[in-house]
Amino acid sequence: MWLSNPEEAGTFALASIGISAATTGFTSAIISFDMYVDVAHRKVQPKFYGYIPDDNGLRGRCFALMTLISALHNVSRSLGCALLAAGDGRLVVVFVGGEITVYIAYKLLREDFFYFMKLDGALAIVVSFCDRVLVKIAADFTGCFHLRHPYELGGLAFCISMVWAQAFPFVALQLYKGYETTKDALTLFLVGSFTLWLLLNVAFFCK
């Protein structure tokens, strides 16, 4: 709506988008944080759940970084979809549907399609398919760190999702048929968003 009719949408629309992205980032960070500080989880899988430090000050900084990284991840991915939808809504289906199809094929080839719950027959197929699709969409639009777990996306698929979320809006911008001034402003915004996202990730891994 904002890309198609910015005057009608107004600045409050941008504020709403920002609040939504921040809420997504906060929720994503809460999920990861709660899982990673849980004693039982850290005992069972210390190498996976052990990256949040014990120091309270560092924990707060870690949580803030996770929130900001996820929020920017959401902004990047959502803007990419909005750019495609503003031009031709079918492209959103092609891109998102294509990614999900490739991901399902990847899981099948790795013999990792069935979810960890013990189910049989057609129910196992339906539940596994729904879970794989929903988790893929959640990871694509939130960057929730917990979803890199082998039972969910897995490390490789999660890393690809993180990187593609930053590249995706630049690809979508090339297909966007808007005013050149708008495209220039969006390019500047995307470069700034990507740079900030990259710096936050460096800060996160150096914490």
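The values are calculated or read from the model by the stated rules, or taken from the named source; none is laboratory data. Please read these numbers as outputs of a predicted model, since none were measured by experiment. Note that we place each Cβ from the backbone using ideal geometry, even for glycine, and neighbour counts take in every protein chain shown.
Can you say whether T101 is closer than 20 Å to T67 by Cβ and under 20 Å from the mean Cα position of the chain (by Cα), as far as the supplied structure shows? The answer is no for T101.
Would a scan of segment 55-66 turn up a residue that is surrounded by fewer than 19 Cβ atoms within 10 Å (Cβ to Cβ), outside any helix (DSSP H, G or I) and either acidic (D, E) or modelled with pLDDT under 85 (or both)? Yes, that holds for at least one residue. For segment 128-146, the criterion of being of a type in the set (S, T, Y), at pLDDT 90 or above and in contact with a helix residue (DSSP H, G or I) (Cβ under 6 Å, 6 or more places away or on another chain) is met by at least one residue. For Y51, the requirement of being in contact (Cβ under 8 Å) with a residue 12 or more places away in the chain, in a loop (DSSP other than H, G, I, E, B) and closer than 27 Å to W164 by Cβ is met.
Are any of the residues in segment 163-185 part of a loop (DSSP other than H, G, I, E, B), buried (at least 19 other Cβ atoms within 10 Å of the Cβ) and hydrophobic (A, V, I, L, M, F, W, C)? For segment 163-185, residues part of a loop (DSSP other than H, G, I, E, B), buried (at least 19 other Cβ atoms within 10 Å of the Cβ) and hydrophobic (A, V, I, L, M, F, W, C): absent.
Residue-level analysis places L79 among those that are surrounded by 12 or more Cβ atoms within 10 Å (Cβ to Cβ) and either within 21 Å of G18 (Cβ to Cβ) or touching a strand residue (DSSP E or B) at 6+ places or on another chain (Cβ under 8 Å) (or both).
For segment 111-139, which residues satisfy the criterion of being without any contact (Cβ under 8 Å) to a residue 40 or more places away in the chain and in a loop (DSSP other than H, G, I, E, B)? Matches in segment 111-139: E111, F113, F114, Y115, F116, M117, K118, L119, D120. Once segment 1-39 is narrowed to residues that are modelled with pLDDT of 85 or more and small (G, A, S), the residue that is farthest from L72 (Cα to Cα) is S32. For segment 106-136, residues that are within 18 Å of G154 (Cβ to Cβ) and either of a type in the set (S, T, N, Q) or surrounded by 15 or more Cβ atoms within 10 Å (Cβ to Cβ) (or both) total 12.
Going residue by residue through segment 100-110, is there one that turns out to be modelled with pLDDT under 85, outside any helix (DSSP H, G or I) and farther than 17 Å from I137 by Cβ? No, the conditions are met nowhere in segment 100-110.
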